[in-house]
Structure formats: C-alpha cells, structure tokens
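Below is one structure; the comments refer to it alone.
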C-alpha cells in the first residue's frame, strides 16, 4: 500500500496491518466469487456511488439482499477464479474510518481489466467492514 503524507490522524502499524488483512481476505473471497462471504464483510445499508452510460452521477443504498443479487449476477460470468493485483492508498480519517483508493488489474480466463475505485471502511468491534463503494460504470445497476 502507498501512504499519503502525515496529515490529521496518523495510522498505527496495527491500523495498516488490519486494513491490509481485510483487503487480502476480501480479494480472496471476490476471487472465489463467494458473494455471501463478501456481504458478511459489509455494513448495510451499503452506500454506492457511480455513474451511468449517459455520464450522470448516481447513488443508491443497497440492503444485503440487493448486494447479493447484483454481485451474484455480475460475478457469475466465467468459471475460473479471479486474480487481483491491486495498489491501494488508504487515507485514515481516524482509527475507525478509512477511505481507500485502489488501482487494480482483475484477470480471469486470460482477460485483464483495469479498475480504479474507492471504498470507505469503518472499524467496529475491532473489525473492518466496507460501508461505501465508489466506482464508475455501475449506474445501470443502481
């Protein structure tokens, strides 16, 4: 992970390690298309921010049922596991809130797609969970 200059809250080594561990687990579950486990790692209602093909910004809130249904549909293509190579830049707002910017290469069945997105994660009872997903191109699903 890449870290910005120290401004505001300065994360501890444990903050960084726990966030890295969360993303390692989430990427593993995504790679196996384990949507139910991915949902276990979220806080609902989940906020989503995206845009549509017309270039209009869109936002929505999904409950767990909507998340599972949509992600199952989106991730049902292909039979191989998905591999991710990601560079993440977390910005810790406090010990329990982080905005994480990600540049990722997602590869499945020999095809690679480059992604750029951001997530807002919160830590509750010592565990991270994502609460907001921000990525272009999902507007038709909102």
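Summary of values
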| quantity | calculated |
| --- | --- |
| From the options 58, 32, 111, residue that is surrounded by 12 or more Cβ atoms within 10 Å (Cβ to Cβ) and within 20 Å of residue 135 (Cβ to Cβ) | 58 |
| Every residue from the stretch 70-82 that is farther than 23 Å from residue 24 by Cβ and either surrounded by 15 or more Cβ atoms within 10 Å (Cβ to Cβ) or modelled with pLDDT of 95 or more (or both) | 70 |
| Helices (runs of 4 or more DSSP H) wholly inside the stretch 5-120 that include at least 2 residues being free of Cβ contacts under 8 Å to residues at least 40 places away in the same chain and either closer than 25 Å to residue 142 by Cβ or in contact with a strand residue (DSSP E or B) (Cβ under 6 Å, 6 or more places away or on another chain) (or both) | 35-40, 64-75 |
| Any hit, the stretch 25-37, residues being over 15 Å from the mean Cα position of the chain (by Cα) and at pLDDT 90 or above | no |
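The values are calculated or read from the model by the stated rules, or taken from the named source; none is laboratory data. All of these numbers come straight from a predicted model, not from anything done at the bench. As a convention, Cβ positions derive from the backbone with ideal geometry for all residues, glycine included, and neighbour counts pool all protein chains shown.
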